[in-house]
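Below: one structure, written as structure tokens.
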Amino acid sequence: MKRLLQFNLIFAFLLISIKLIGQSTVLTREVPGAKLQTSQAKKPSKGLLSEVHLDQGNCLSETEQKEIQKKIDKNVEMLKHKNPGLFNRSSGINIPHPYFEWPTRAKAGFTGYGYYTVNFLVDHNAGYPNQLLDYDCGSRTYDWNTGNHAGTDIILWPYAWRRMDEQVMEVIAAAPGIIVNKVDGNFDRNCSNNGSGTFNQINVRHADGSTAWYLHFKSGSLTAKSVGDSVVTGEYLGTAGSSGSSNWPHLHFQVMDSTNALIDPWQGSCNNMNPDSWWLSQQPYNVPSINQICTKKTSVDYYICPTPEITAEADTFNIGDTLWLWIYTRDLVLNSNMQINIYNPSGANVLNFPFTVPWATTATTYIRWYYPVDAWFVQGNWTFEVVYGGNTYQHNFYMTQSVSGIIDVGSIADFNVSPNPSDGNIKVTFSNQNISNATIEIKNMLGDLVYKEDEIIKSGNNDILINDLKLDNGVYFLQLKLDNKTATKKIVIQN
């Protein structure tokens, strides 16, 4: 498995980079710099926007679908033998198809803004490969060399593996019916959508003879009910996993009509399978919203499928840290507008800028910007706020006014820098009284060398003084180099 390592904009500005999450591709792009609404001393960085593209492999082959259908038919015949009237319909009455409730919900106690995106839909173009058409005439679907995607993929987002373990996404019956197939106990942490692996699944037959397929469950999470038991709308079936052919925890929701023909519950002008929606209340094609906003000290996300994600979220910041503003989105829509606000402990909106989405609409994305933390960020509770899609999202964080210490130690003599923050006059104090042939360098946050002093020799208790540094306010890195080893401290210049 390859590690997703997105480059920090402090050191490198990237236009486009491709990273891998297991078999998933993340496309990272630079977002244009923000245009400030008011005259401000602090301008945010250019941002990073990353799009998650899941592996578009052989999710459920035609052969596998036939095997599942054969098992369902066998179970139905067995149930009819035990109870001849179980599936009988009233004579002369045309039973309408079911109208589905949404087939997932967040577990009780979940406090996030959102937990899923709709990443893939049914492919209405029977050709393949790379011949895509969803119900709304878009391309939010996929195919492979021998088949087409036949369901709606509802994926956990963000922190998919962590939230799979926490069982955040509960799968529920979208309509009442009878369980006609149930498979549990199969490996649920697959990292490849390659057509191999056995699903944990439940199949529910409805009164009109149609059947809903619920695939990819977490092993051991399924309901205690068995084949032949009835379920009602909204009843718990299990939790999302990555069993079967899958590389991301999700629910694959697929519907077959009474003749075992595939239908698409979404109504749209390019749905060539059925004329109307099977949803009780169909969601819009795009739902521009935010699942999570948070603050971190890094731009980097680490995903190693199927290890639970290291979120790296941070709510407390010191002078010398970097404040990264993170936004995990669902349906980031081209040319839609987002407003970013930061409120200080007094409640004043001191940093704010608009963001207009410059990229094509994408189902699953995250964006981040950064500010170097200096003494301007007064001590107290701050609020990060985003307004998007008609909704307001907030996250609180705390500034300490303390200064971050050593960030990289190379097993050489320890040293201290004071005062910190500094007005440009710095005293470097060593625990080792005797230093010879050392070098001191100061670099800015882009890695540019702004000060250097070579062949430093110190004996006794004398400190090294660096006076009258002509540096702009901000965060810098002072490096002591000695015998091919390096120790680094963050320093803050505040004139």
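Every condition in (1) surrounded by 17 or more Cβ atoms within 10 Å (Cβ to Cβ); (2) at pLDDT 95 or above; (3) not hydrophobic (A, V, I, L, M, F, W, C) holds for Thr383 except the one numbered (1). Within segment 293-305, restricting attention to residues that are in contact with an Asp or Glu (Cβ under 9 Å, 6 or more places away or on another chain) and not hydrophobic (A, V, I, L, M, F, W, C), the residue that is nearest to Asp165 (Cα to Cα) is Tyr303.
Yes or no, residue by residue, for (1) among the hydroxyl-bearing types (Ser, Thr, Tyr); (2) at pLDDT 80 or above; (3) touching a Phe, Trp or Tyr at 6+ places or on another chain (Cβ under 7 Å):
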{"site": "Ile435", "(1), (2), (3)": "no, no, no"}
{"site": "Ile464", "(1), (2), (3)": "no, yes, no"}
{"site": "Leu469", "(1), (2), (3)": "no, yes, yes"}
{"site": "Ile493", "(1), (2), (3)": "no, yes, yes"}
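Give the residues of segment 127-142 that are in contact (Cβ under 8 Å) with a residue 40 or more places away in the chain and out of contact with any Lys or Arg (no Cβ under 7 Å at 6 or more places or on another chain), sorted by residue number. The answer is Leu133, Tyr135, Asp136, Cys137, Gly138, Arg140, Tyr142. Being part of a loop (DSSP other than H, G, I, E, B) and on the phi > 0 side of the Ramachandran plot is a property that does not hold for Asn274. Inside segment 462-495, residues that are crowded, with 17+ Cβ neighbours inside 10 Å, more than 38 Å from the chain's Cα centre (by Cα), part of a strand (DSSP E or B) and among the aliphatic types (A, V, I, L, M) make up a count of 4. Taking segment 187-215 as the range and being closer than 18 Å to Ile263 by Cβ, of a type in the set (S, T, N, Q) and assigned to a loop (DSSP other than H, G, I, E, B) as the test, only Ser210 passes. Per the listing Leu54, Leu36, the residue uniquely surrounded by 13 or more Cβ atoms within 10 Å (Cβ to Cβ), over 28 Å from Ser139 (Cα atoms) and modelled with pLDDT under 85 is Leu36.
Looking across segment 147-171, just one residue is polar (S, T, N, Q) and either part of a helix (DSSP H, G or I) or open to solvent by less than 10 Å² (accessible area, probe 1.4 Å) (or both), and that is Thr152. Evaluation of Ala12 against the conditions (1) modelled with pLDDT under 60; (2) open to solvent by 70 Å² or more (accessible area, probe 1.4 Å); (3) closer than 30 Å to Thr307 by Cβ shows that the sole unmet condition is (2).
The set of residues from segment 99-117 being in contact (Cβ under 8 Å) with a residue 24 or more places away in the chain, of a type outside the set (D, E, K, R) and either open to solvent by 50 Å² or more (accessible area, probe 1.4 Å) or within 16 Å of Gln292 (Cα to Cα) (or both) comprises Tyr99, Ala106, Phe110, Gly112, Tyr113, Gly114, Tyr115, Tyr116, Thr117. With the condition kept exactly as written, say whether any residue in segment 303-321 is of a type in the set (D, E, K, R), in a strand (DSSP E or B) and surrounded by fewer than 22 Cβ atoms within 10 Å (Cβ to Cβ). Checked segment 303-321: at least one residue is of a type in the set (D, E, K, R), in a strand (DSSP E or B) and surrounded by fewer than 22 Cβ atoms within 10 Å (Cβ to Cβ).
Of all residues in segment 172-195, those being under 29 Å from Tyr285 (Cβ atoms), modelled with pLDDT of 95 or more and open to solvent by less than 20 Å² (accessible area, probe 1.4 Å) number 5. Cβ-Cβ under 7 Å, sequence separation 6+ or interchain: first residue in segment 315-327 and over 17 Å from Asn444 (Cβ atoms), partner open to solvent by 10 Å² or more (accessible area, probe 1.4 Å) and part of a loop (DSSP other than H, G, I, E, B). Which pairs? From residues that are over 17 Å from Asn444 (Cβ atoms), the pairs are Asn318/Ser404; Trp324/Lys297; Trp324/Thr298. The single condition among (1) in a loop (DSSP other than H, G, I, E, B); (2) in contact (Cβ under 8 Å) with a residue 60 or more places away in the chain that Ser226 does not meet is (2).
The values are calculated or read from the model by the stated rules, or taken from the named source; none is laboratory data. No experiment lies behind these values; they were computed from the predicted model shown. Every residue, glycine as well, gets a Cβ built from its backbone with ideal geometry; the counts of neighbours run over all protein chains shown. These area figures cover heavy atoms from the full protein model, side chains too; ligands, DNA and RNA do not enter into them. Shrake-Rupley method; radii C 1.70, N 1.55, O 1.52, S 1.80 Å.
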